[in-house]
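The values are calculated or read from the model by the stated rules, or taken from the named source; none is laboratory data. What you are looking at is a predicted structure, and each value in this text was computed from that prediction instead of being measured. Using ideal geometry, Cβ is built from the backbone for each residue, glycine included, and neighbour counts are taken over all protein chains shown. Surface accessibility is based on the protein's heavy atoms, side chains included, excluding ligands, DNA and RNA. Shrake-Rupley method; radii C 1.70, N 1.55, O 1.52, S 1.80 Å.
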Amino acid sequence: MLNLVYHPDELLRKESEPVKNIDGSIAGLAREMVEAMREEHGIGLAAVQVGRLTRIFVTEVGGDDARIFINPEITATSDSQNTIEEGCLSIPGIYSDVKRSDACTVSAWDEQGRPFTLEADGMLARVIMHELDHLNGVLFFDHLRAGRRRRLLDRYEKARQKDA
């Protein structure tokens, strides 16, 4: 099983590198990521969250099948936005309302190296935007005002110290 990387690990702030060759090792990593996401009861997981600076993320939202996105790129977002509470497997126990577009279009490759484009809305769109942020070194609390972000991080640090 893959091990999760937790904030404040500096790896989470690095930009992930594009996958140059989609082969069996990349497909295997993607399958392991799906297993890790399920094991941790998540709905999305980026490769950087398991220590790999590779532009891959996986999702499994609601009744949807697991999806694998390799070298994803958001090509469009809706003008309409909403605010929903988000959390992150790499920052356990911390949640906050985040404003994002209601829908997005993403282009990527699957684990067989086939390109695809997906128009997503609702929770799937939110998860795609959240996971793509990870590939760019952005965490969900970066979308918050400075005061709210500081309070969340203070709460997270206190919980980490208590658990140590």
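Of note:
- Solvent-accessible area per residue in the chain equals 53 Å², computed with a 1.4 angstrom probe and all protein chains kept.
- Cα gyration tensor shape of the stretch 9-96, rounded if a/c is under 1.5, else prolate or oblate by comparing a/b with b/c: rounded
- Estimated at 0.36 nm per residue, the fully extended path between Asp154 and Leu53 surpasses their Cα-Cα distance by 33.7 nm.
- For the chain, the spread of Cα positions along each principal axis, largest first, Å: 44, 38, 29
- When the solvent-accessible area of the stretch 55-158 is split by element, carbon and sulfur atoms take up 45 percent of it, the probe being 1.4 Å.
- The stretch 45-134 shape via C-alpha gyration tensor axes, a/c threshold 1.5: oblate
- Directionally averaged projected area (convex hull, Cα atoms, the stretch 1-42), nm²: 3.6 nm²
- At full extension, Glu85 and Glu35 could sit 15.6 nm farther apart than now, given 0.36 nm per residue minus the alpha carbon distance.
- Ignoring aspartates and glutamates fewer than eight residues from Lys99 along the same chain, the ones with Cα atoms less than 20 angstrom from its Cα are Glu73, Asp79, Glu85, Glu86, Glu119, Asp121, Glu131, Asp133, Asp142.
- Rounded to the nearest whole Hz, the Karplus-based 3J(HN,Hα) values (6.51 cos²θ - 1.76 cosθ + 1.60, θ = phi - 60°) of the stretch 53-66 follow the sequence 7, 10, 7, 9, 9, 10, 9, 7, 10, x, x, 6, 6, 4, with x at glycine and proline.
- With only the Cα atoms considered, the stretch 88-136 has a convex hull volume of 98 Å³ per residue.
- Theoretical FRET efficiency, 1/(1+(r/R0)^6), r = Cβ-Cβ of Tyr95 and Asn21, R0 41 Å, to 0.05: 0.65
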